[in-house]
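**Student:** Before I ask anything, here is the structure I am working with.
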Amino acid sequence: MLPFALKVFIFQVWQFLLKWSSKLLPFRTPEMFTGPGSSLQLCDHIAKTGVKKLLIVTDGMLVKIGLLKPMQEKLSKLGVNFVVYDGVLPNPTIAQIETGLAMLKKEGCTAILAIGGGSSIDAAKVIAARARNPIPITWMAGLMRVVIPPLTLYAVPTTAGTGGVVTIAAVVSDPATTRKFAIMDTALVPKAAALDGALMTGLPAAITAATGMDALTHAVEAYISRNCTAKTDQEALEATRLIMQNLPTAVKNGANVEARQAMAQASFKAGVAFTIAGVGYVHAFAHNFGAYYHVPHGLANAITMPHVLDYSKGNCAARLAKLAEVSGLKKGNETDAQLADAFIAKIRQMNADFGIPTQIDKLKESDIAAIVQKAQDETFWFYAVPRYMDDTQCASFLRQLLPKTA
């Protein structure tokens, strides 16, 4: 086994090569429609492209509460036929994606419209990829493995969290192997999308909080990544500022359209940042908490983030200090270390205010060794974190999140 320091050096070189090779990738952003009512503008755009039949990918709750009705009525008026696949659940599985694909083929759909949170958008991305690529979903795991361009995809997020409308990633769960993996390809970015804050006004406070903290995690991990760029820094700082200013309002008063729209914009900007710069240990752990215990991704990120930042701050204090500054926490002549601590304390306070727990209730000691291995594999191969953990440190970190015994 390689000494830990040598292992870190090797993967830092690997991450350096990834950073520079990524400059050759054709990153793009969707054509964007922004503001209250923009989801209906997207419907106009879809009709103008000549789409005759859409597969709408969503979840059953959004159908139940009638959130899709205005878009469905608009599409019908414009002569665009559609069928609805509402079988997506949090942490979408291979089986759910294949079921959606079967409906798409049976109904002869020529494009896909994702309406929902990150799970619906991720599922729609993979359905679009599978529609053109006759290979198992697991074979597409990793970087740039979608060989044939996917079916045309449009997206309307109903939460301000994942930034999935602009990211190259789709995360899939495989219950058979207790694995959660990412398919990462620039082809997965939707053709067009709408950021319609008005659609988010009915989102419950708990989901608003968890998805908002998900967006904050994207901004923070992108900003402290060693693969950051001037572009990602700009987007991550602005996303952080918008979240700190607007998330408490959106949680407290969900009907505040201005706060909702600002959060939608923040989620988008954070998505731009982490698509290029990457994320880190928070996501590596959160993916496993989702795969093992079905913990919603945003909630897992929120619980894990302050612990990871505590571990990492010695290697990125100046960057955490800048995040504190744009969050309005700089009051005088504080040192970088003091501001870094203030920023982490602010995250913990927000979690407490939002009712987010401090432990992963279902985490088991018996699972820790396996989670360590999977989290380490994900982090070392894909994330340019400011400070790596060895396996012992990783296990010790996870034990901080074990549920407290009476």
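The values are calculated or read from the model by the stated rules, or taken from the named source; none is laboratory data. Note that this is a predicted model, so its numbers are computed, not measured. No Cβ is skipped: glycine too gets one built from the backbone with ideal geometry, and neighbour counts run over all protein chains shown. In case anyone asks, the SASA skips ligands and DNA or RNA and just uses the protein heavy atoms, side chains included. Shrake-Rupley method; radii C 1.70, N 1.55, O 1.52, S 1.80 Å.
**Student:** Out of (1) surrounded by 24 or more Cβ atoms within 10 Å (Cβ to Cβ); (2) hydroxyl-bearing (Ser, Thr, Tyr); (3) farther than 23 Å from Thr379 by Cβ, what's the single condition that is false for Ser173?
**Tutor:** Unmet for Ser173, out of (1) surrounded by 24 or more Cβ atoms within 10 Å (Cβ to Cβ); (2) hydroxyl-bearing (Ser, Thr, Tyr); (3) farther than 23 Å from Thr379 by Cβ: (3).
**Student:** Let me ask another. Report, by residue number, each residue of the stretch 105-135 that is more than 16 Å from Leu188 (Cβ to Cβ), more than 23 Å from the chain's Cα centre (by Cα) and of a type outside the set (D, E, K, R).
**Tutor:** Gly108, Cys109, Thr110, Pro134
**Student:** Residues to consider are Ala129, Ala114; find the one that is closer than 29 Å to Ala205 by Cβ, buried (at least 24 other Cβ atoms within 10 Å of the Cβ) and touching a residue at least 24 places away in the same chain (Cβ under 8 Å). Spell out how you get there, then give the answer.
**Tutor:** Numbers: Ala129 fails: closer than 29 Å to Ala205 by Cβ.
Within the list Ala129, Ala114, the selection yields Ala114.
**Student:** Read through the list (1) touching a residue at least 24 places away in the same chain (Cβ under 8 Å); (2) of a type in the set (A, V, I, L, M, F, W, C); (3) outside any helix (DSSP H, G or I), then give the number of the only condition that Ile135 fails.
**Tutor:** Going through the list (1) touching a residue at least 24 places away in the same chain (Cβ under 8 Å); (2) of a type in the set (A, V, I, L, M, F, W, C); (3) outside any helix (DSSP H, G or I), Ile135 breaks only (1).
**Student:** Scan (1) at pLDDT below 75; (2) touching a helix residue (DSSP H, G or I) at 6+ places or on another chain (Cβ under 8 Å); (3) not aliphatic (A, V, I, L, M) for the single condition Gly35 breaks and write down its number.
**Tutor:** All conditions pass for Gly35, except number (1).
**Student:** Could you go through the stretch 72-84 and let me know if any residue there is touching a Lys or Arg at 6+ places or on another chain (Cβ under 8 Å), within 13 Å of Ile112 (Cα to Cα) and open to solvent by 30 Å² or more (accessible area, probe 1.4 Å).
**Tutor:** Looking through the stretch 72-84, at least one residue is touching a Lys or Arg at 6+ places or on another chain (Cβ under 8 Å), within 13 Å of Ile112 (Cα to Cα) and open to solvent by 30 Å² or more (accessible area, probe 1.4 Å).
**Student:** In the stretch 41-71, how many residues are among the β-branched types (Val, Ile, Thr), under 26 Å from the mean Cα position of the chain (by Cα) and surrounded by 14 or more Cβ atoms within 10 Å (Cβ to Cβ)?
**Tutor:** Looking only at that region, the number is 5.
**Student:** Shifting gears a bit: Only one of (1) modelled with pLDDT of 95 or more; (2) in a helix (DSSP H, G or I); (3) out of contact with any strand residue (DSSP E or B) (no Cβ under 9 Å at 6 or more places or on another chain) fails for Gly79. Which number is that?
**Tutor:** Gly79 satisfies all of (1) modelled with pLDDT of 95 or more; (2) in a helix (DSSP H, G or I); (3) out of contact with any strand residue (DSSP E or B) (no Cβ under 9 Å at 6 or more places or on another chain) except (2).
**Student:** Among the residues of the stretch 260-296, write down those that are in contact with a strand residue (DSSP E or B) (Cβ under 8 Å, 6 or more places away or on another chain) and within 25 Å of Gln234 (Cα to Cα).
**Tutor:** Of the residues in the stretch 260-296, the ones in contact with a strand residue (DSSP E or B) (Cβ under 8 Å, 6 or more places away or on another chain) are 261, 264-265, 267-268, 275, 287-288, 290-291.
Of everything in the stretch 260-296, those that are in contact with a strand residue (DSSP E or B) (Cβ under 8 Å, 6 or more places away or on another chain) and within 25 Å of Gln234 (Cα to Cα) turn out to be Gln261, Ala264, Gln265, Ser267, Phe268, Thr275.
**Student:** Kindly evaluate Arg179 against the criterion of being closer than 20 Å to Gly142 by Cα and open to solvent by 20 Å² or more (accessible area, probe 1.4 Å). First the steps, then the outcome.
**Tutor:** Values: closer than 20 Å to Gly142 by Cα: yes; open to solvent by 20 Å² or more (accessible area, probe 1.4 Å): yes.
Answer is yes for this residue.
**Student:** Take Val57 and decide whether it is at pLDDT 95 or above, in contact with a Cys (Cβ under 9 Å, 6 or more places away or on another chain) and among the β-branched types (Val, Ile, Thr). Walk me through how you get there before you give the answer.
**Tutor:** On the way: at pLDDT 95 or above: yes; in contact with a Cys (Cβ under 9 Å, 6 or more places away or on another chain): no; among the β-branched types (Val, Ile, Thr): yes.
Criteria not met by Val57.
**Student:** To continue, here is another question. Looking at Val372, Val385, which is the one that is assigned to a helix (DSSP H, G or I), surrounded by 14 or more Cβ atoms within 10 Å (Cβ to Cβ) and either in contact (Cβ under 8 Å) with a residue 12 or more places away in the chain or not hydroxyl-bearing (Ser, Thr, Tyr) (or both)?
**Tutor:** On the way: Val385 fails: assigned to a helix (DSSP H, G or I).
Unique residue meeting the criteria: Val372.
**Student:** Would you be able to tell me the number of residues in the stretch 194-220 that are open to solvent by 10 Å² or more (accessible area, probe 1.4 Å) and touching a helix residue (DSSP H, G or I) at 6+ places or on another chain (Cβ under 7 Å)?
**Tutor:** The first filter runs over the stretch 194-220 and keeps only residues open to solvent by 10 Å² or more (accessible area, probe 1.4 Å), leaving 198-199, 201-207, 210-211.
After this cut, where a residue has to be touching a helix residue (DSSP H, G or I) at 6+ places or on another chain (Cβ under 7 Å) as well, the list is 198-199, 201, 205, 210-211.
Residues flagged as open to solvent by 10 Å² or more (accessible area, probe 1.4 Å) and touching a helix residue (DSSP H, G or I) at 6+ places or on another chain (Cβ under 7 Å) within the stretch 194-220 amount to 6.
**Student:** From Thr138, Thr93, Thr158, which residue is among the polar types (S, T, N, Q), farther than 23 Å from Gly202 by Cα and buried (at least 17 other Cβ atoms within 10 Å of the Cβ)?
**Tutor:** Thr93
**Student:** Can I ask one more? So which residues in the stretch 333-377 are farther than 27 Å from Leu247 by Cβ, under 21 Å from the mean Cα position of the chain (by Cα) and of a type outside the set (Val, Ile, Thr), if there are any at all?
**Tutor:** Passing the criteria: Lys374, Gln376, Asp377.
**Student:** When you go through Arg399, Arg348 one by one, which is the residue that is charged (D, E, K, R) and over 25 Å from Ile207 (Cα atoms)?
**Tutor:** Just a single option satisfies the conditions, and that option is Arg399.
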